[in-house]
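This report concerns only the one structure given below.
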Amino acid sequence: MNAGLVFLGLVAVIVIVAILKTAVIVPQKSAYIVERLGKYRCTLDAGFHILIPFLDRIAYRHTLKEMAIDVPPQQCITKDNIAVDVDGILYMQVMDAAKASYGINNYIFASTQLAQTTMRSEMGKLDLDRSFEERTAINAAIVEAVDKASDPWGIKVTRYEIKNITPPQTIRDAMEKQMRAEREKRAMIAESEGERQSKINRAEGERQSQIALAEGKAREITLVAEAQAAGITKVAEALNGPGGRESVNMQLAQQYIKEFGNLAKVNNTMIIPSNLADVAGVIKSCTKVIQETK
């Protein structure tokens, strides 16, 4: 009886161990490769699976998530013979777990090495200055090369990103001096442009001021002429009116006497006209001139 119980206990333990060994739960976004007697049998997707004890085993476990692989820094020689250190990040994803298991021994190492060799080749085609500008083109070339080579491995390369391009210290110092000189040049150009614009603005202001002054003088001359014309008109109207001619004669006589008196005050020597007393004759002559002008 005791021997039978022991046997049953051993059988139960063996069954439990077999179930534990053969029951497999595959997580989401994962794939397991099953081998039967050392030969590929199937690929297990996410879920619960039962294997045949002592015959089936899990040979490889792969994640189907996109992976970011750090590509170590490497020394590249540019077209102008400058050694630079370049590193980056390679993004890839397992698309076929069976190919990733049997297509190559280590697809991560192989993809990283291929990315480095392609990087050296692409950097050798460019000068140092252009290498900083052509990052997008370099990334695209690396993705194309690695993706094409990794297709038999069941790997899809999604993108590659250069992290750093580090030239030697001497080159960095020279680049810093060049950038400083370029900044100073731009500052001088901006300052000269500002001065030129300021001179243009001042010249334009002076021109506008002269134009305004000329317009003001022209307006003043016009107003004076208009006033003189109005005065002449008024004088003509007064001459034609009653007593106008007598009034003009009176003003001419007064003006003649006043000016003659001033002449006597200024000069010590005077030439007295012979007809000094003939004031009426002078007035008559002036009146005649006015009539002829009219």
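The values are calculated or read from the model by the stated rules, or taken from the named source; none is laboratory data. On a predicted model such as this, the values are computed, not experimentally measured, just so you know. We place every Cβ from the backbone using ideal geometry, glycine too, and count neighbours over all the protein chains shown.
Annotations for the structure displayed:
- Close pairs from the range 34-48: first under 15 Å from D96 (Cα atoms), partner of a type in the set (D, E) and surrounded by 10 or more Cβ atoms within 10 Å (Cβ to Cβ), Cβ under 8 Å, at least 6 apart: V34/D56; R41/E35; R41/D56
- Residue that is surrounded by 10 or more Cβ atoms within 10 Å (Cβ to Cβ), out of contact with any helix residue (DSSP H, G or I) (no Cβ under 8 Å at 6 or more places or on another chain), over 19 Å from M95 (Cα atoms) and not polar (S, T, N, Q), where the choices are K65, K29, K21: K21
- Yes/no for A110 being part of a helix (DSSP H, G or I) and touching a Ser or Thr at 6+ places or on another chain (Cβ under 8 Å): yes
- Reported count of residues in the range 90-121, each being over 42 Å from the mean Cα position of the chain (by Cα), of a type in the set (A, V, I, L, M, F, W, C) and modelled with pLDDT of 90 or more, is 3.
- Criterion: over 28 Å from D151 (Cα atoms) and touching an Asp or Glu at 6+ places or on another chain (Cβ under 7 Å) - qualifying residue of D80, D85: D80
- A count restricted to the range 128-157 and to residues that are loosely packed, with under 13 Cβ neighbours inside 10 Å and either touching a residue at least 40 places away in the same chain (Cβ under 8 Å) or outside the structural domain of A100 (by TED's automatic domain parsing) (or both) stands at 1.
- Residue count, the range 32-85 (criterion: charged (D, E, K, R), over 20 Å from W153 (Cα atoms) and part of a strand (DSSP E or B)): 4
- Top-ranked residue of the range 112-127 - restricted to ones that are hydrophobic (A, V, I, L, M, F, W, C) and closer than 23 Å to I82 by Cβ, ranked as surrounded by the fewest Cβ atoms within 10 Å (Cβ to Cβ): L126
- None of I211, I189, I200, I171 is out of contact with any His (no Cβ under 6 Å at 6 or more places or on another chain) and in contact (Cβ under 8 Å) with a residue 24 or more places away in the chain except I171.
- Looking only at the range 158-179, and only at residues there that are surrounded by 11 or more Cβ atoms within 10 Å (Cβ to Cβ) and among the hydroxyl-bearing types (S, T, Y), the one that is nearest to A97 (Cα to Cα): T158
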